[in-house]
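The values are calculated or read from the model by the stated rules, or taken from the named source; none is laboratory data. This is a predicted model, so every value here is computed, not measured. Heads up, the Cβs are rebuilt from the backbone with ideal geometry, glycines too, and the neighbour counts pull from every protein chain shown.
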Amino acid sequence: MSIVLDQVTKRYQAIPVVNDVSLKVEQGEFLVLLGPSGSGKSTLLRAIAGLTEIDHGRVFLHGRDVTHMSAREREVGFVFQHYALFRHMTVGDNIEFALRVRKAKAAERRARRKELLRLVALEGMDDRLPTQLSGGQQQRIAVARALAHRPQVLLMDEPFGALDAKIREELRRTIRQIQRELGMTTILVTHDQEEAFALADRIGVMHQGRLLECGRPDDLYTRPQTRFVSTFLGAANLLLGYRSAATVRFNSQVATGEAVPREVVAVLRPEEVELGADESRVRSNFVGFGEVEEVLFGGAVERLRVRMAGDGPVPVAPGRQGSPEAGSLLEVSRTLPEQRDFPVAIGRRVAVGARRVHVLPTPISSFTAVAETEAEAQALCDSPLLSTLGARMHTRVAMRVGRGDRAPPGMPAVATGTGSAAAAQWQLRHGAAQLLCVPSTAMLPTHVLIHTLDAGARRATVPVAASLLRHVAAESVYLGIHPAASIEKERAEYMRELLDARSAALAEHGLDMRTELRFGSTADELGRELVAHPNTMLVLGTSDPGHIDWTWLGSLLEGQPERPVLIVNAAQAEQALGN
Amino acid sequence: MASTWFRNPSILPGFGLTLGFTTFFLSVIVLLPLAALVFKTASLTWSEFFSILVDPRAVASYRLSFGAALLAATINAFFGFIVAWSLVRYDFPGRRLVDALIDLPFALPTAVSGIALAAVFSPSGWLGQKLAMAGVQVAYTWLGVVVALILIGLPFVVRSVQPALVEVQRDLEEAAETLGAGPFHVFRRIILPAVFPALLTGFTLALARGIGEYGSVVFISGNLPLKTEITPLLIVIKLEQFDYNGAAALGFIMLVMSFVMLFAINLVQAWGRRRHVAAGR
């Protein structure tokens, strides 16, 4: 392993900008950290170089723990966005700087300088000043300078950000070539996905300080695990689908007697959409009818927007596309042969099929605010926590007045306060796999406390917590609580269990959480933790809602101060997954 | 031919107008008084002029004026850099206050700072007492002159270096760090070359001001002939004795020496600029 990061956390004014990032980079691997601006990718890179100190976690370079070493001692090559060349030195002196610092002999310096200038294809530029070179040439010199002392890893912070498109592409090729030639372990930070695809062996997508997913470019594109990655890497239509047996359907009408299908979030790439004159002409999974609203010619591909009929598929975020009755907008892109086979114009009615749909493994598909009156339901929808969560997850927040005969699909939400315990209990008993109890004034939590009432509930609880935490910049702690009377031998067992839970959460869901072990009563320990961190959300997992101590949970939901609680009904969740 | 020589596109209209104004303004404000000085001096015979020039009292005063100014400017270059550094690089409570304090010697009537210094450093003064115990006397010695010139010159260095330091981007230092340079190396090879021209400007300004300083020095120097008498004071003494020609001659000598020194420093600076920014940025 060339670079190993273990739970690296960096906070600015108590807000984590890099949140519990663990990562391994192989020798000779080219990793691209991709993310929007402010996602923490540059901070993470600087932490690896030792230019930024971290608050928590460890950094290893080639097996050496460098967490507490300065940038000088880490032996890394760093390339800055704005080159950071020393303007008062010639190109040659710039390249030799690292060797001069190390008091290398003049002959050795000269030889290395020649070699590096050849590598970046700028031979004979030794005596120029950086200001006499173009931007692209300056960045090449910066790369040569960063390689002079034969560093073990090369770190590049948006190295092409200040260059125009053509030079950028050329330089990209040079970098890739050099990296291959030297077998240099490299991490490059960028916000440009095209760049990431062109360079990376592996891409790590960062968002709000978290490393959401890390994998081969084609894997990330075809099988994203999260909403963010699916829409950030390429375009995607996110739809609420209903999974039954092997297929995913896009309308919620359920034939009587059929098992209730599970609501899922489906990714439909624009290029996987098939258009046809009518249902029989669509060879793939029929989605519904729509009307072409926009056609953009773009050379090799044609981009269209198709307005689906009102009873058609439900987009994950209807709020952005007008009233639900108007139907959803579908992004479509078609190649030239497809255009020739079936030319369309604006206003044309088309049948829409989905060639390939990828279902996100997230257990939180949508929210439904359940209340007795419409006003209450509306207030719940508008509550800061629920509305921000909905917006962050780009998902639908629906309303339901009255309980109906069973829990709504996705995640029902009820208001905390008087009567909420009974409402929560009803939802869990009537098919809710998960339930969010929302205080009317609560904001997004800064702490998330995860606890399962029994070991069997862990498998279903962790993915829910992971799905939530991808969209919330909060620190997460998994709390294991055992009876105070437990003996020494059992304690070791508990500890191992807890660590297993942590590594499973990391491996399967990309959720890096801290773990803590407590001995005492559940109510006391959770209560203590909730008091210690005022802005905490509790994620509580159980295999059987009947086993919950409802007087205790009731006091938590109905007492003061009100706190958001997410209850995972593991039995129901596992049943849905098995469906 | 001449018109193509000077033509240089610029946002200010009328090259002829601006050059004309510059010439006129410099003539009236700078050259005319100086010419009068030269003219006055020219009424002396060569031997008279020469005897004033090498008068032992005058020679001693040159040494003090130029020596103290040079020493004070050097000390200021050093400490002024540190002050500018801490103002630019660190954020500490009261930073703005300190920043404002720097300019105070600019604004204060020089006599006031002179009296204040004398009060503090005189053998009965608050600091002077303690220094006297250590066997050091500042007031009424050449040391006092240096102290006064340091006070007067500090803002010049700080205000020149500050903007240059702001310009030295953090990523240059970080780049040097990742390349293995220690703090000393970063300072010596990265920061210093970048701010050196500004530092030299500050040094020059402080030096020029120090050579001509009168008000703050006369109160603390004691004004002992041959020992702590500065040239400007000697000129004033001559004026008080209605020896206008003698005063003019001394003034002329100061003028020539200052001009030579400043011109030399300017040449050094121009040379440095050419070396660093050859062929434009």
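Here is how the numbers come out for the structure above:
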| read-out | value |
| --- | --- |
| So A:Val79, is it more than 8 Å from chain B (Cβ to nearest Cβ), buried (at least 16 other Cβ atoms within 10 Å of the Cβ), under 29 Å from the mean Cα position of the chain (by Cα) and free of Cβ contacts under 8 Å to residues at least 40 places away in the same chain | no |
| Residue identified as over 26 Å from A:Gly40 (Cα atoms) and in contact with a Pro (Cβ under 7 Å, 6 or more places away or on another chain) among A:Val101, A:Val91 | A:Val91 |
| Residue list for region A:62-76, filter: facing another protein chain (nearest Cβ under 8 Å) and over 18 Å from B:Phe187 (Cβ atoms) | A:Arg74, A:Glu75, A:Val76 |
| Helices (runs of 4 or more DSSP H) within region A:138-225 that include 3 or more residues under 20 Å from A:Arg113 (Cβ atoms) | A:165-182 |
| Any hit, region A:82-102, residues being part of a strand (DSSP E or B) and either under 28 Å from the mean Cα position of the chain (by Cα) or crowded, with 20+ Cβ neighbours inside 10 Å (or both) | no |
| Hits in region A:103-124 (condition: farther than 17 Å from A:Leu171 by Cα and crowded, with 20+ Cβ neighbours inside 10 Å) | A:Arg109, A:Arg112, A:Arg113 |
| Any hit, region A:18-38, residues being within 14 Å of chain B (Cβ to nearest Cβ) and in contact (Cβ under 8 Å) with a residue 40 or more places away in the chain | no |
| Selection from region A:206-231 of residues that are surrounded by fewer than 21 Cβ atoms within 10 Å (Cβ to Cβ) and at pLDDT below 90 | A:Thr231 |
| Region B:13-44: number of residues that are modelled with pLDDT under 85 and either in a helix (DSSP H, G or I) or of a type in the set (Phe, Trp, Tyr) (or both) | 4 |
| Hits in region B:220-229 - residues which are surrounded by fewer than 24 Cβ atoms within 10 Å (Cβ to Cβ) and in contact with a helix residue (DSSP H, G or I) (Cβ under 9 Å, 6 or more places away or on another chain) | B:Gly222, B:Asn223, B:Pro225, B:Leu226, B:Lys227, B:Glu229 |
| Residue tally, condition in contact with a helix residue (DSSP H, G or I) (Cβ under 6 Å, 6 or more places away or on another chain) and away from chain B (no Cβ under 11 Å), over region A:140-151 | 2 |
| Some residue of region A:534-557 being closer than 20 Å to A:Ser476 by Cα, outside any strand (DSSP E or B) and modelled with pLDDT under 85 | yes |
| Criterion violated by A:Ala235 - all others in (1) in a loop (DSSP other than H, G, I, E, B); (2) under 18 Å from A:Leu33 (Cβ atoms) satisfied | (2) |
| Qualifying residue in region A:152-169 (condition: at pLDDT 90 or above, within 16 Å of A:Gly77 (Cβ to Cβ) and away from every other protein chain (no Cβ under 14 Å)) | no |
| Top-ranked residue of region A:50-81 - restricted to ones that are acidic (Asp, Glu) and in a loop (DSSP other than H, G, I, E, B), ranked as nearest to A:Leu163 (Cα to Cα) | A:Glu75 |
| Number of the exception - A:Ala47 against (1) more than 8 Å from every other protein chain (Cβ to nearest Cβ); (2) more than 17 Å from A:Leu147 (Cα to Cα); (3) out of contact with any Ser or Thr (no Cβ under 7 Å at 6 or more places or on another chain); (4) assigned to a loop (DSSP other than H, G, I, E, B) | (4) |
| Leading residue by the ranking (farthest from the other protein chains (Cβ to nearest Cβ)) among those in region A:103-133 that are of a type in the set (Lys, Arg) and part of a loop (DSSP other than H, G, I, E, B) | A:Lys105 |
| Wholly enclosed helices (runs of 4 or more DSSP H) of region B:153-235 bearing at least 3 residues touching a residue at least 60 places away in the same chain (Cβ under 8 Å) and within 16 Å of the chain's Cα centre (by Cα) | B:192-212, B:215-221 |
| Members of region A:397-407 that are crowded, with 22+ Cβ neighbours inside 10 Å and over 16 Å from A:Ala422 (Cα atoms) | A:Val397, A:Ala398 |
| For A:Tyr478: the one exception among (1) closer than 29 Å to A:His430 by Cβ; (2) free of Cβ contacts under 8 Å to residues at least 60 places away in the same chain; (3) in contact with a strand residue (DSSP E or B) (Cβ under 6 Å, 6 or more places away or on another chain); (4) part of a helix (DSSP H, G or I) | (4) |
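Yes/no matrix, rows are residues, columns are (1) free of Cβ contacts under 8 Å to residues at least 12 places away in the same chain; (2) out of contact with any Lys or Arg (no Cβ under 7 Å at 6 or more places or on another chain); (3) polar (S, T, N, Q); (4) surrounded by 15 or more Cβ atoms within 10 Å (Cβ to Cβ):
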site	(1), (2), (3), (4)
A:Ala492	yes, yes, no, no
A:Thr522	no, yes, yes, yes
A:Glu525	no, no, no, yes
A:Leu540	no, yes, no, yes
A:Ser543	no, yes, yes, yes
A:Ile548	no, yes, no, yes
A:Val565	no, yes, no, yes
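Conditions tested, residue by residue: (1) within 10 Å of another protein chain (Cβ to nearest Cβ); (2) crowded, with 20+ Cβ neighbours inside 10 Å.
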| site | (1), (2) |
| --- | --- |
| B:Pro155 | no, yes |
| B:Val161 | no, yes |
| B:Val168 | no, no |
| B:Ala175 | yes, yes |
| B:Gly182 | yes, no |
